[in-house]
Amino acid sequence: MKDVVTLGETMVVFTPQTSPMLRYAETFIKNIGGAETNVAIGLSRLGHQVGWISRLGNDEFGRFIHHSVQGEGVDVSHVTFDSHSPTGLYFKEIRNQNDIRVHYYRKNSAASQLSVEDIDVSYIDSAKILHVTGITPALSDSAYEAVIYAMKIAKEHHVKIVFDPNLRRKLWSEDRARSVLKEMVSLSDIVLPGMDEATFLYGEQSKEMVAEAFLEEGAELVIMKLGKEGAYVHSEEEQFLVEGFPVDQMIDPVGAGDGFAAGFISGLLDDLSLYEAVTRANAIGSMQVQIRGDYEGLPNREELMSYLNQSSTEDIKR
C-alpha cells in the first residue's frame, strides 16, 4: 500500500550555466522537473511511500528521469516507456529573482499520450491519498480522461483526493481550463490553489468569499497559498490564516507550490492538526525557494525539523 499516488508529466530541465540568458548560454545544467514528481520526491524524502504514474519516451532523457525519480525512493513501477513519442523538455532562464522564464518543448510528448489504459485501479484504491494537478489534463484529451478516471476511482474507494490547480494558461484556452479545473474541484476533497488561480476560477473576490466558492463547487477544504503572507485555511467548520516563514533571499521560486503540497500532505499522513500541517507546508515552500532547482531544496525530515526549530527560536528572540 502506498501513502500517496500521483500522476503527470516530468520533463528534462536545462538551465543555462554560463549566462542566465539562453541566447548567450554555452553550457547548461541538466535535471528533471514536473509538479507531480516534485511532490512525490518531497514526500519520499520525508519518509512516505509514494508511487508515480506516467509515460516517458523510450529515449535517453526518459531513462534519465526514470533513474532520477526511482533514485529518490519513488515507486516507478507504473511508468510506461513509449517508443513512438519523445520525453518532454524545458529550458529555464533565471535572469534574476523577479524574472524567471520557462520555455516548454512538450508537444506530442510521451506523457501527453497518457490514457485511461495507463491507470491501474488497484494501484489507486490501495493508496491513502491521490494527488493530482491541473497540468496533466491540459496535455491532451486522453490525459484529461486519465486524470478524471483516476479521481473517480479514488472517490469510489474513499481515497482522499488532494488537488493543486497549478494553472498553465499556455496549454489550453481559458474557457476549457476553467471548465476542467472546476470539474476537478468538484471531485476533490482538498484543494490547494494560489490566489491567482482562485480568482481565475471564481472572479475577483476576497479570499474568504473565493474560498467559499470552492466549497460550493464540492471541495471539503481549501488551503489558499498567499506567498510570503502564508496560507489561508477554509472549511465549513473553521477559517484561519497560517503565517509564512521569512525568506532572506529568494533564489528560485519554481517548485515552491509543490513543496507546499508535499509538506501539507505529509502533515495529513502524520496526523498533525490542520494548523500544524499548513505550518509544515509553509516551511517547506520557503526552504524550496532558497535553493536553485525545481525540487533540490525539498528537505528530509531531519532538515525540516531543524528548520522549524530554528524558526521557532528566532521568533522567541524577536
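Bear in mind that the values in this text are calculations on the coordinates, not laboratory data. In this text the structure is predicted, and so the values were computed from the model without any measurement. In this analysis, Cβ positions are derived from the backbone assuming ideal geometry, glycine residues included, and neighbour counts consider all displayed protein chains.
The table that follows gives values for the structure above.
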quantity	calculated
Label-point gap, in nm, between Ser235 and Arg178 - each point 7 angstrom along Cα→Cβ	3.0 nm
Student exercise, the chain dipole from Lys, Arg, Asp, Glu Cβ charges, in Debye to nearest 20	1020 debye
Theoretical ellipticity at 222 nm over the chain - DSSP helices of four or more residues, -39500 (n - 2.57) apiece, nearest 500	-12000 deg cm²/dmol
Theoretical gain in end-to-end length, Glu60 to Glu204 [0.36 nm per residue, Cα-Cα removed]	47.3 nm
Relative packing of 36-47, 234-245, which averages over residues the other C-beta atoms within 10 Å, highest first	36-47, 234-245
Most to least packed among 200-213, 60-73 [average Cβ atoms within 10 Å]	60-73, 200-213
Taking all pairs of distinct alpha-carbon atoms in the range 59-140, Kirkwood radius in angstrom	15.1 Å
FRET efficiency, Asn108 to Gln70 (Cβ-Cβ, R0 35 Å, nearest 0.05)	0.90
Percent antiparallel among DSSP beta bridges (both partners in the range 146-235, rounded to 5)	50 percent
Evaluated at q = 0.21 Å⁻¹: base-10 log I(q)/I(0), Debye formula over Cα of the range 1-137	-1.24
Three-way shape label, the chain, alpha-carbon gyration tensor, a/c 1.5	rounded
Hits among lysines - C-alpha to C-alpha of Lys182 under 24 Å, sequence gap 8 or more where chains match	Lys128, Lys152, Lys155, Lys160, Lys170, Lys207, Lys225
Antiparallel %, DSSP beta bridges [both residues in the chain], to 5	45 percent
Positive-end residue of Val79, Val147, Ser206, charge dipole of the chain with Cβ unit charges	Val79
